Every structure is written in structure tokens, then in C-alpha cells.
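Student: First, the structure itself, so that you have it in front of you.
The values are calculated or read from the model by the stated rules, or taken from the named source; none is laboratory data. Worth saying up front: this structure is predicted, and the values here are computed from it rather than measured. Virtual Cβ from ideal backbone geometry, glycine too; neighbours counted across all protein chains shown. Just so you know, the surface numbers come from the protein's heavy atoms only, side chains and all, with ligands and any DNA or RNA stripped out. Shrake-Rupley method; radii C 1.70, N 1.55, O 1.52, S 1.80 Å.
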Protein chains: 2
Amino acid sequence: MKNNNTKQNIKNSAAFLFNTKGFAGTSVREIANRAKTNVSNISYYFENKAGLLEHLVSTYFESYIAIIEQAYIELDSRSARECLILVIRGIMNYQKENRHLTRFVLREITLDSTLIREIMTTYMTKEKYYLQAIFEKGIHQQEFNSIPIPYTIMQLKGMLSMPYLYPQYMAEVLHIMPYEMYVAEQYSREIEKWVNHTICVPNERVKEKLLRIPVTI
Amino acid sequence: MKNNNTKQNIKNSAAFLFNTKGFAGTSVREIANRAKTNVSNISYYFENKAGLLEHLVSTYFESYIAIIEQAYIELDSRSARECLILVIRGIMNYQKENRHLTRFVLREITLDSTLIREIMTTYMTKEKYYLQAIFEKGIHQQEFNSIPIPYTIMQLKGMLSMPYLYPQYMAEVLHIMPYEMYVAEQYSREIEKWVNHTICVPNERVKEKLLRIPVTI
């Protein structure tokens, strides 16, 4: 139990420091100090700083992809629209719960770094596969308009990442606190309006009020 | 003329290098080499690397805000929907034309750096003012649904910045080339569907096909 705590503290401290000071600007000693442990524990669990980064990013994406995969599995029993809303609520909630790591990852994948690039391509290809399957089913079943899928994925990802990539802009300019629960919920609902009115064919809109899906999955 | 060319070459070279290698990872000498000039010319025009950064970011935002301000001025003679579409097409086009600087700026404002933060807050506050005026007029004239404006600005900015923040993701995962003209045009049209179907009240949709606005303004 104590060992798990130490490992988790190291991960939390690294996520916080990488986000605020950058990967290059953070030393192993600072991570150890913040985690109230010593450098040898970091070496024991993660070998070095690069190992810790790789572990953090991989773990982040594993859970992230699991949310989208779950929505994809639900295609068997739910409508494409419901599955898409599961994606939106699941990802918004996950990003809010992991805000330091989310911002760090979203920023890192804007860089042309090799490590991130390889990890990113693997997970983002999986993500694309699941999202595409949801959109294709929706189009096939005439639930969705015949939208161009890659452009729609871009719009979706753009809207989902905005609050966690630019929390400072949101707080200082728009006066919205991205880490508050009601903000994540209201923003999800606004994205869902896009699903209901732009993605879905008009006659699907009447079902809007009947849908009951829990916020977390 | 020659002096203007030198200054412009320095700016283009700096934008390219800051984007690909980061601000900290770029030396004044590298900028001079790429611009085929010498370091003293950079000192003459911009004092130092920080001066060059500030100049680039300020110039970028001046032109960026001018596009949105122009759309705001057009509120006198056009509908709110037309003005919003002018914003979308104008910004998409501007970002495509200034892709290195756009990506650099979009990434820099994710950081908590003081310089960028101050510049960012000033321009982003102006941007918010103009966008808010467009949305308010649309709501007031019952052209737009009564949307929550800050959340709508977030969605709009998220969609607009996506292709220029993640060109590598777009190319490698979605197989879309963000710098090609038809990509920028088609992506604009997809965002405009969101305007027409989610932002506008239903009876405004019939006007969709009648609208003729040039892509650039």
C-alpha cells in the first residue's frame, strides 16, 4: 500500500511539474522533492525521467482509449448518437479528472518529438478507428447526415481539447473555470447540441429530450 | 526595398525556427543564417531574440484581430450569421497563410509565460469583445438561438485552431493536409454547418444557399 502511494505520488508530482515547467525544465530531484520521496525510488520504478514520461503518457492514453472503446462496444445496443454522447461526456470527465496530464499531453503532441510522436500515432489511430466506426454506423443507419468523417473528428477533437489546453485563456478572458464540474457539464451539453442539430438528421432531433445517459461511464 | 526584404526574411526565418525548434532552442545565429543575413541586422531591427518574439506575436495578433474587427464593423450592413461566417473564413485563411507563426502562437499561449500572457490577454480580450457583439446581435435579432456566449466562443476557437495546432496528427492519422486550400475551404464549410444548424434558429436555415461571401476578406 505504501509502495503504491509512493509510485502514485511520483506520477502526480511529475504530471504537475511537466505541465507547469515543461519536461526539459523539470529535474528528477524536483519530482522527488514534491513527491516527498528520494531519487532512488524514481529510478527503481521508472528508471529515469524519460521512462517516467513514457509511463505517464502511455497510462494516460490507455485509459483515454478505453473510454472511446467502451462507447464503440456500446454500438451493439445503443444508437450511434448515444455512443457519440458517451464519448463526449466520458472524455470531458476524464480530462477534467486528469487536468495536469491532459494539458501536458495535449501540448506535447503539438511538438515534433519522436517519443511522443510514436506513442501518439498508435493511440490516435485506435481512437480514429473507434470514432470512425461510430460515425459510419450513424450514417449507414441514416441517423447521421452524410458528414465527411475526418473533418468531423477534427471538429470534435478541437472542441473537446479547448478547455484543457487553454485553461488560462478561459479563466482570464472568458471568466469560466474549466475545472469546475458544472462547467464541464455545461460545455458537454453545448457540444451535444452540435451532435443533435448538425450531425444528426432532422427527424432524430425529437429524441433529444428522451435520452438519459449518466455523465460518467 | 532591400532592407524590407531583410527584415521580412528575418521574421520568416524566426517564425519557422521558433515553431520547429522552440523559442529557447533557437539561437540568434541560426535565425541570421537561415535569413542569409548577419546577427547585427537582427540587433538593428529587433534588439534581441525576445524583441523579435514580441514583434512577431504582436504583428500576428494585430492582423488577426483586424479580421475579426472587420467582421464586427460589417454588423452594420450584414446579418450576424454572415459576420460570423466572415470570421470563420477570414481566420481559417489567415492561419493557413501564416502556418508557422500560427502553430507557434497557439502553442505558446498554452504556456504560463509572462510575455505571451500579457500580449495574449490584451488581444484575446479584444477578440472576445467583437465575437460577443456578433453573438449578442444575433441573439437579440432572433437570428441565433439563445446560446451561452462564452461556451460558444470556446467551441468556435477549438474548431478553428485544431488543424493548425495539430498538423502532424491531421496528416499522419486523418490523412488530411491542413495547408492545402481545399482542406481549409472544406473545413470552413463544416464549421459553417455548425453555425447554420446549431447556432442559428431553424427558420434562418433556408437562407443558407443564398449566401455568397468571398472566402477572403
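Student: Residue by residue through the stretch A:132-164, note down the ones that are among the charged types (D, E, K, R) and within 14 Å of chain B (Cβ to nearest Cβ). Reasoning before the result, please.
Tutor: Quick first cut of the stretch A:132-164, residues among the charged types (D, E, K, R) only: A:136-137, A:143, A:157.
Of everything in the stretch A:132-164, just one residue is among the charged types (D, E, K, R) and within 14 Å of chain B (Cβ to nearest Cβ), namely A:Lys157.
Student: Does the stretch B:101-116 contain any residue that is of a type in the set (S, T, N, Q), open to solvent by 60 Å² or more (accessible area, probe 1.4 Å) and touching a residue at least 12 places away in the same chain (Cβ under 8 Å)? It would help to see each step written out before you state the result.
Tutor: Taking the stretch B:101-116 first, the residues of a type in the set (S, T, N, Q) are B:102, B:110, B:113-114.
Subset that is open to solvent by 60 Å² or more (accessible area, probe 1.4 Å): B:114.
If we keep only those that are touching a residue at least 12 places away in the same chain (Cβ under 8 Å) as well, we get none.
Checked the stretch B:101-116: no residue is of a type in the set (S, T, N, Q), open to solvent by 60 Å² or more (accessible area, probe 1.4 Å) and touching a residue at least 12 places away in the same chain (Cβ under 8 Å).
Student: Right, something else. Filter the stretch B:133-157 for residues that are open to solvent by 10 Å² or more (accessible area, probe 1.4 Å), under 19 Å from the mean Cα position of the chain (by Cα) and more than 17 Å from A:Ala171 (Cβ to Cβ) and give the result.
Tutor: B:Ala133
Student: Pick from the stretch B:158-172 the residues that are surrounded by fewer than 22 Cβ atoms within 10 Å (Cβ to Cβ) and without any contact (Cβ under 8 Å) to a residue 12 or more places away in the chain: which of them is nearest to the chain's Cα centre (by Cα)?
Tutor: B:Gln168
Student: Here's a follow-up. Can you tell me which residue is modelled with the lowest pLDDT among those in the stretch A:104-124 that are farther than 22 Å from A:Asn12 by Cβ and in a helix (DSSP H, G or I)? Working first, answer last.
Tutor: First, pick out the residues of the stretch A:104-124 that are farther than 22 Å from A:Asn12 by Cβ: A:110-114, A:117-118, A:120-122, A:124.
Next, only the ones that are in a helix (DSSP H, G or I) stay: A:114, A:117-118, A:120-122, A:124.
Details: A:Thr114: 68, A:Arg117: 74, A:Glu118: 78, A:Met120: 82, A:Thr121: 86, A:Thr122: 89, A:Met124: 93.
Checking each candidate, the answer is A:Thr114.
Student: Considering every residue within the stretch A:82-89, establish whether at least one is over 18 Å from the mean Cα position of the chain (by Cα), in the same structural domain as A:Met181 (by TED's automatic domain parsing), in a helix (DSSP H, G or I) and modelled with pLDDT of 95 or more. Let's see the steps before the verdict.
Tutor: First, pick out the residues of the stretch A:82-89 that are over 18 Å from the mean Cα position of the chain (by Cα): A:82.
This time we only want the ones that are in the same structural domain as A:Met181 (by TED's automatic domain parsing), so: A:82.
Checking the rest, the ones that are also in a helix (DSSP H, G or I) come to A:82.
From what is left, the residues that are modelled with pLDDT of 95 or more are A:82.
Within the stretch A:82-89 (the criterion being over 18 Å from the mean Cα position of the chain (by Cα), in the same structural domain as A:Met181 (by TED's automatic domain parsing), in a helix (DSSP H, G or I) and modelled with pLDDT of 95 or more), the answer is yes, since at least one residue qualifies.
Student: Could you look through the stretch A:60-81, keep only residues that are more than 30 Å from A:Leu17 (Cβ to Cβ) and of a type in the set (Ser, Thr, Tyr), and pick out the one that is farthest from the chain's Cα centre (by Cα)?
Tutor: It comes out as A:Ser77.
Student: Do we have A:Glu185 as more than 7 Å from chain B (Cβ to nearest Cβ), of a type in the set (Asp, Glu) and open to solvent by 10 Å² or more (accessible area, probe 1.4 Å) here? I'd like the intermediate steps shown before the answer.
Tutor: Working: more than 7 Å from chain B (Cβ to nearest Cβ): yes; of a type in the set (Asp, Glu): yes; open to solvent by 10 Å² or more (accessible area, probe 1.4 Å): yes.
For A:Glu185, the condition - more than 7 Å from chain B (Cβ to nearest Cβ), of a type in the set (Asp, Glu) and open to solvent by 10 Å² or more (accessible area, probe 1.4 Å) - is met.
Student: Then there is this: Being hydroxyl-bearing (Ser, Thr, Tyr), part of a helix (DSSP H, G or I), open to solvent by less than 20 Å² (accessible area, probe 1.4 Å) and within 14 Å of chain A (Cβ to nearest Cβ), is that true of even one residue in the stretch B:41-61?
Tutor: We begin by selecting, within the stretch B:41-61, every residue hydroxyl-bearing (Ser, Thr, Tyr); these are B:43-45, B:58-60.
The next check asks that each one be part of a helix (DSSP H, G or I); those that pass are B:43-45, B:58-60.
Those still in the list that are open to solvent by less than 20 Å² (accessible area, probe 1.4 Å) too: B:60.
After this cut, where a residue has to be within 14 Å of chain A (Cβ to nearest Cβ) as well, the list is none.
Scanning the stretch B:41-61 turns up no residue that is hydroxyl-bearing (Ser, Thr, Tyr), part of a helix (DSSP H, G or I), open to solvent by less than 20 Å² (accessible area, probe 1.4 Å) and within 14 Å of chain A (Cβ to nearest Cβ).
Student: How many residues are at the interface with chain B (Cβ under 9 Å from one of its Cβ atoms) and more than 25 Å from B:Tyr187 (Cβ to Cβ) when one looks only at the stretch A:168-177? Can you show your working first?
Tutor: To start, the set of residues in the stretch A:168-177 that are at the interface with chain B (Cβ under 9 Å from one of its Cβ atoms) comprises A:168-170, A:172-176.
Now drop any that are not more than 25 Å from B:Tyr187 (Cβ to Cβ), which leaves A:168, A:172, A:175-176.
Of the residues in the stretch A:168-177, 4 are at the interface with chain B (Cβ under 9 Å from one of its Cβ atoms) and more than 25 Å from B:Tyr187 (Cβ to Cβ).
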